[in-house]
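A short write-up of the structure that comes next.
The values are calculated or read from the model by the stated rules, or taken from the named source; none is laboratory data. Everything numeric here is computed off the predicted structure, so don't read it as measured data. Neighbour counts run over all protein chains shown; Cβ positions are idealised from the backbone, glycine included. Accessible surface areas use protein heavy atoms only, side chains included; no ligands, DNA or RNA. Shrake-Rupley method; radii C 1.70, N 1.55, O 1.52, S 1.80 Å.
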Amino acid sequence: MTLPIVAVVGRPNVGKSTFVNRLIQSQDAIVHAASGVTRDRSYHRADWNGREFMLVDTGGIEFSTDDAFGASIREQAVQAAREADVVVLLVDGSVGIAPGDEEVASLLRRQDTPVFLAVNKLDTPGREDAIHDFWALGLGDPWPVSALHGHGSGDLLDAIVQALPEAESFEDGEGAIGVAIIGKPNAGKSSLYNRLLKRDRAIVSDVAGTTRDAIDTLIEAEGVSYRLVDTAGLRRKSQIDESVEYYGFVRAMRAIDRADVAVLVVDAAAGVTDQDQRVARFAAERGCGIVVAVNKWDLMEGPEAKEDVMGRLHDKLGFIGYAPVIRVSALTNAGVHKVLPTVSAVYDAYAGSISTSALNRMLTDLRASGHTISKGGAILRLHYMTQTGSKPPVFTFFANHPRLVDANYERYLENRLRETFDLVGTPVRLRFRQKG
């Protein structure tokens with residue numbers, strides 16, 4: 001099980017994301033004046049007086065809206081409330097009970113989950129009398145708070161943690177393999193994510209840029225724990241015009257930084273694009289293990305179309321040629337069962353270690369081949385090597401003239417390492433030091 005969950009729900013623009021950021025003392029949740037910025041549920045780890053829990057920021061619940069995502073946002077928020085151990089209904093104290101508050105309250109009254117009614121935007125102390133109208137919602141004592149200034153949040157948190165289940169009955173997912181699902185917008189990341197979870201967890205839409213927040217979910221498969229992150233689609237910086245898209249882009253970078261393995265979702269129908277290359281470089285530069293999932297494979301008709309896709313994949317993603325490639329269809333579920341076992345195999349290589357004796361046996365064979373480099377009369381000799389890091393693996397060579405090593409020779413050594421040892425899906429880092 002995961003940590004106990006506290007879901008923050010309410011109408012749009014009542015300050016849910018600001019409230020979440022106040023409670024976790026961070027800027028993890030995207031805050032913006034526009035309605036509908038938070039679309040999916042985003043999960044944030046929180047702590048109050050030694051009690052840890054997951055705080056869920058949800059999309060605004062609206063019952064009549066022209067937003068194409070309105071129904072999905074509403075369902076995500078309702079689902080978050082259903083799976084939570086405690087629900088905080090946030091309302092806007094500056095406007096009183098507004099259209100939609102009663103409908104949300106009615107939904108929550110039907111559940112057995114403890115509900116705390118927090119009246120936000122009471123930024124001036126002494127305005128607590130503004131909460132009296134909210135008794136009409138039938139959810140018990142209203143709690144006056146200011147998400148902007150922090151007034152009242154400590155008292156509310158005291159009450160929330162008292163209502164949480166015993167902490168001993170929960171696990172925190174420590175040791176789980178961090179998996180970031182990445183790719184250009186509309187490649188099918190959320191659909192694949194939902195297939196892996198075997199339930200709808202992220203909003204799925206054919207509108208590019210639907211997922212703005214990165215979402216963490218713990219799952220277990222065949223005895224291995226994974227922490228899945230569905231990230232906002234990565235775009236070229238020149239295409240990130242709205243500030244909301246920019247913050248989603250930053251969130252995706254953070255997700256990659258926290259991941260052990262990145263699953264790069266490529267749209268087979270669109271082929272490998274420059275954006276796919278750019279996304280792959282982001283992950284490789286940050287040292288993630290990489291798996292390439294070629295999605296929408298069910299749309300490929302005939303061997304020529306399939307060959308064309310794989311040929312372009314090899315040409316444009318050759319710099320991550322070490323990454324295993326899986327053909328999947330998130331729509332039909334074909335091939336999806338291979339994703340997590342492949343991630344696990346990549347993680348084993350990414351986090352593993354190779355003995356110094358095995359490495360130097362390979363180095364002995366390299367020296368026997370006679371392949372080396374020279375410049376100005378100096379000849380490179382590699383005397384000794386050892387693994388000096390992991391996640392990703394780092395190998396250090398001790399040489400007489402390390403300055404002679406160029407990019408071509410470095411690639412030669414990396415290729416020999418990959419031929420000799422199981423380094424599937426993981427980048428490697430090579431270091432060269434002067435002997436002695």
Check: What pairs can you find where one residue is in the range 269-285 and closer than 21 Å to Gly425 by Cβ, the other is of a type in the set (Asp, Glu) and surrounded by fewer than 20 Cβ atoms within 10 Å (Cβ to Cβ), and their Cβ atoms are less than 8 Å apart, with a gap of 6+ or different chains?
Finding: Val272/Asp315
Note to self: Being open to solvent by 10 Å² or more (accessible area, probe 1.4 Å) and free of Cβ contacts under 8 Å to residues at least 60 places away in the same chain is the filter here; which residues of the range 3-20 pass it?
What the structure shows: Pro12, Ser17
Item checked: Residue in the range 388-412 that is farthest from Val424 (Cα to Cα), counting only those that are crowded, with 17+ Cβ neighbours inside 10 Å and touching a helix residue (DSSP H, G or I) at 6+ places or on another chain (Cβ under 8 Å) -> Phe397
Next item on the list: Mind telling me which of the residues Ala202, Ala159, Ala147, Ala180 ends up being modelled with pLDDT of 80 or more, open to solvent by less than 30 Å² (accessible area, probe 1.4 Å), outside any helix (DSSP H, G or I) and over 27 Å from Asp348 (Cβ atoms)?
Entry: Ala147
Notebook entry, point to check: Out of (1) modelled with pLDDT of 90 or more; (2) open to solvent by less than 30 Å² (accessible area, probe 1.4 Å), the odd one out for Ala378 is which?
Noted result: (1)
